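Reading through the structure tokens given below for one structure.
The values are calculated or read from the model by the stated rules, or taken from the named source; none is laboratory data. Not measured: the values here are computed from a predicted model. When we count neighbours, we look across all protein chains shown, and the Cβ atoms used for this are built from the backbone with ideal geometry, even at glycine. Quick note on the areas: whole protein, heavy atoms, side chains included, nothing else; ligands and nucleic acids left out. Shrake-Rupley method; radii C 1.70, N 1.55, O 1.52, S 1.80 Å.
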Amino acid sequence: LDRPSTIYLLRLAHSGQEWLKLGYSEDVNKRIKEYGLDPNASIDLVYTVGVKTGETALALENDLHKKYNEFQINSNLMKPHMSKSGHTECYPVKIKNLIKDDLLALKSI
């Protein structure tokens, strides 16, 4: 948690479903591989924000998840698409710009 991290917003698609994944990681590409996505899944990196420490990234990410809690997609619905991890903290694509605006605001912190 003391090393630099990235808060990221992904747009994912598979089997006719589209969703957003908000998370943080020291290495976003490595984290994506840990999801267990189908090889045919589409992955679009919508936006990233570099943060000085993982501890700060975690706190900021948690604030965003609290803010958008009412929009979270039930993790049981996401598990078939993200079989290993990451099936929590997913959101409908319709709120992409709301989350992206919040991430843009973090750039000035």
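Annotations for the structure displayed:
- Computed over protein heavy atoms with a 1.4 angstrom probe, the accessible surface ordering of Ser15, Ser85, largest first, is Ser15, Ser85.
- Solvent exposure of the chain, expressed per residue, is 59 Å² of accessible area, with all protein chains present and a 1.4 angstrom probe.
- Annotation: Ser83 carries an accessible surface of approximately 60 Å², with a 1.4 Å probe and no ligand, DNA or RNA atoms counted.
- From helices alone, the chain scores -9000 deg cm²/dmol at 222 nm; the rule is -39500 (n - 2.57) for each run of n ≥ 4 DSSP H residues, then divide by the residue total.
- The protection proxy used here, the mean number of other Cβ atoms lying within 10 Å of each residue, ranks peptides 52-61, 26-35 as follows, highest first: 52-61, 26-35.
- Taking Lys and Arg as +1 and Asp and Glu as -1, the other residues whose beta-carbon sits under 14 Å from that of Thr6 total +2.
- Prolate/oblate/rounded call for the chain, Cα gyration tensor, a/c under 1.5 rounded: prolate
- Listed cross-link partners Lys79/Lys100; Lys30/Lys84; Lys21/Lys100; Lys52/Lys107; Lys52/Lys79; Lys30/Lys66 are compared with a 19 Å cut-off, the Cα-Cα value being larger for Lys79/Lys100; Lys52/Lys79; Lys30/Lys66.
- Considering only alpha-carbon pairs that sit under 8 angstrom and 6 or more positions apart, the relative contact order computed for region 1-85 is 39 percent.
- Apportionment of accessible area to carbon and sulfur, region 1-47, percent (1.4 Å): 42 percent
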